[in-house]
1. A:Asp65 passes all but one of (1) away from every other protein chain (no Cβ under 14 Å); (2) under 26 Å from A:Asp181 (Cα atoms); (3) charged (D, E, K, R); (4) surrounded by fewer than 22 Cβ atoms within 10 Å (Cβ to Cβ); which number fails?
2. Of the residues that make up segment A:98-113, is at least one buried (at least 16 other Cβ atoms within 10 Å of the Cβ) and in contact (Cβ under 8 Å) with a residue 40 or more places away in the chain?
3. Counting just the residues of segment A:25-70 that are touching a Leu at 6+ places or on another chain (Cβ under 7 Å) and polar (S, T, N, Q), which one comes out farthest from B:Glu171 (Cα to Cα)?
4. Identify, please: which residue in segment B:171-191 is among the charged types (D, E, K, R) and more than 7 Å from chain A (Cβ to nearest Cβ) and is, among those, nearest to A:Thr106 (Cα to Cα)?
5. Take the residues of segment A:75-92 that are touching a Lys or Arg at 6+ places or on another chain (Cβ under 8 Å) and not small (Gly, Ala, Ser): which is farthest from the other protein chains (Cβ to nearest Cβ)?
6. Show me the helices (runs of 4 or more DSSP H) found entirely inside segment B:1-114 where at least 1 residues are closer than 25 Å to B:Met221 by Cα.
7. If the requirement is being touching a strand residue (DSSP E or B) at 6+ places or on another chain (Cβ under 9 Å), among the aliphatic types (A, V, I, L, M) and surrounded by 14 or more Cβ atoms within 10 Å (Cβ to Cβ), which of these qualifies: A:Ala190, A:Ala124, A:Ala166, A:Ala130?
Amino acid sequence: MTLHVNDISKSYSNNPVLDQVQLTIEPGEFIALLGPSGSGKTTLLRIIAGLQFADSGSLWFDQIDMTAMQARERQFGMVFQNYALFEHMSVADNVAFGLKMRSGKTRPSKKEIAKRVTNLLEMAEISHLADRFPSQLSGGQRQRVALTRALAIEPRLLLLDEPFSALDTKVRKGLRKSLRDLQRNVGIAAILVTHDQEEALEMADRIAVMNDGRIEQFDTATNLLRNPATPFVADFLEGLSNYMTEGAGI
Amino acid sequence: MKKAPRHILPGFGLTLGISLFFVSLIILLPLSGLFWQMGQLGLSDYWRILSSERTLAAFHITLSAAAMATLFNASFGLLLAWVLVRYNFRGKRILDALIDLPFALPTAVAGIALVALYDKNGWMGTLLAQADLKVAYTWWGIALAMTFTSVPFGVRTVQPVMESLDLDAEEAAQTLGAKDFQIFRTIVFPQLWPSFITGASLAFARSLGEFGAVIFIAGNMPFKTEIASLLIMIRLEEYDYPAASAIAGSLLLLALLVLILANFAQMRASRHLKKGA
């Protein structure tokens with residue numbers, strides 16, 4: 001269940017966005033793609049999700065080449081920046097969506113789906129919201145629903161596109177830990193896209209610092225701070241050197 | 001002294017007053033004339049006029065042809081809106097502009113053009129005759145003329161809603177394993193549904209009252225190809241104002257009923273959708 005990103009390149013009308021990106025994500029690992037806006041991190045995530053396709057390079061997951069595979073076949077759960085909830089469906093229906101869309105033998109019975117949804121909502125501690133509609137939820141609750149919906153398809157990998165950027169600072173801090181806990185409980189690898197250094201440092205096992213379509217350094221937070229590989233990394237993480245010693249409160 | 005209620009936005013009284021004045025002058029006054037005429041009739045007279053075989057036949061023809069035109073325009077409008085919103089191609093702007101043409105064209109011109117095309121000597125007419133099909137001077141001709149004049153409703157109501165759809169939701173559905181058709185059925189269409197109902201009901205209401213485009217191609221045979229609005233005209237020419245107003249009033253109430261029902265359906269469907277954004 002290891003994801004290999006091999007030499008992925010992508011450009012929009014001669015404007016390179018990703019330049020031979022290499023990345024390996026181990027099972028159960030939580031990694032962050034960290035970089036300023038325009039560094040290509042969201043494009044990389046969307047290519048991994050199958051919502052965009054690379055010009056060259058390949059993607060391997062669990063020893064299977066999925067470079068050309070459609071998003072719907074990849075079984076990667078994704079949480080979008082604005083959560084992309086289905087506004088015309090209740091929270092329970094949002095969560096059940098992925099299971100209902102399955103075809104033939106793989107599709108659970110109605111009763112089975114209802115049971116699975118109940119369990120998922122319980123695990124995410126949002127059972128009380130089951131019958132609400134997205135427009136009746138707070139930002140933090142919406143994020144919860146989006147995450148639960150992504151987990152409902154029993155994803156093999158979890159992709160998080162700036163899942164905290166729509167929330168205010170206070171809510172954000174509390175949710176970081178609970179998201180990380182949820183990911184640990186489910187036991188799948190996750191990729192977090194963020195431009196927030198603190199968030200990456202606090203949540204990720206390893207961080208890929210991105211700049212101009214390249215990964216400048218891919219390492220643990222401690223190593224990034226102690227031995228920055230390039231001036232950009234040192235510069236981008238400046239001011240966070242005390243962070244590790246003082247602790248983030250996890 | 002009583003304090004006048006305060007509004008943040010100024011000009012409420014003035015703008016509402018002017019609006020109501022014009023609504024009364026342009027819409028309500030003529031309609032009240034119609035209902036005043038209708039009021040002259042006793043209930044039994046009204047019933048006698050409406051239940052005459054000729055009137056019933058005219059209503060049957062009008063309603064069925066309008067339903068056909070609506071069915072066609074609702075589905076075709078959806079398709080056309082989809083093409084215009086989701087794809088980029090050469091001539092898209094021209095196609096987009098063409099859609100409003102049936103509104104801009106005098107309906108009589110449209111009717112004459114359709115006859116010229118579908119008459120047995122016409123271009124389409126000869127083609128269809130070879131397949132033993134006849135459109136001009138039949139029920140199909142009526143449906144065709146109604147379809148022509150109400151095309152814009154089907155497209156223009158759905159198009160802006162489709163433009164404002166959030167593509168992220170469709171991408172999310174993809175990552176959750178949905179196939180293209182499932183995404184359309186479960187994500188896209190439910191969001192378009194309220195505007196779809198509006199478009200269909202407007203097209204239907206418009207088709208019910210369409211006159212100019214239809215009479216040229218209908219043939220206007222009583223019991224066969226005579227539409228309700230033509231029957232109104234005939235009764236007027238016979239100076240039978242009560243009969244004309246009875247038919248006209250019924251037609252109007254029917255159209256009103258459709259619009260009200262559509263409004264309810266639309267409110268129900270959109271109660272959970274967020275406004276705007």
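Laboratory data are not the source of any read-out in this text; all were calculated from the coordinates shown. The structure displayed is predicted, hence computed values, not measured ones. With ideal geometry, Cβ positions are generated from the backbone for all residues, glycine too; neighbour counts draw on all protein chains shown.
1. Condition not satisfied by A:Asp65: (2).
2. yes
3. Checking each candidate, the answer is A:Thr67.
4. The extreme case among them is B:Asp180.
5. Checking each candidate, the answer is A:Val91.
6. B:43-50, B:53-86
7. Unique residue meeting the criteria: A:Ala190.
Residue by residue, here is whether (1) more than 26 Å from A:Val233 (Cβ to Cβ); (2) touching a Leu at 6+ places or on another chain (Cβ under 8 Å) holds:
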position: A:Lys100; (1), (2): yes, no
position: A:Ser109; (1), (2): yes, no
position: A:Asp131; (1), (2): yes, no
position: A:Ala152; (1), (2): yes, yes
position: A:Phe164; (1), (2): no, yes
position: A:Lys173; (1), (2): no, no
position: A:Arg180; (1), (2): no, no
position: A:Val193; (1), (2): no, yes
position: A:Glu202; (1), (2): no, no
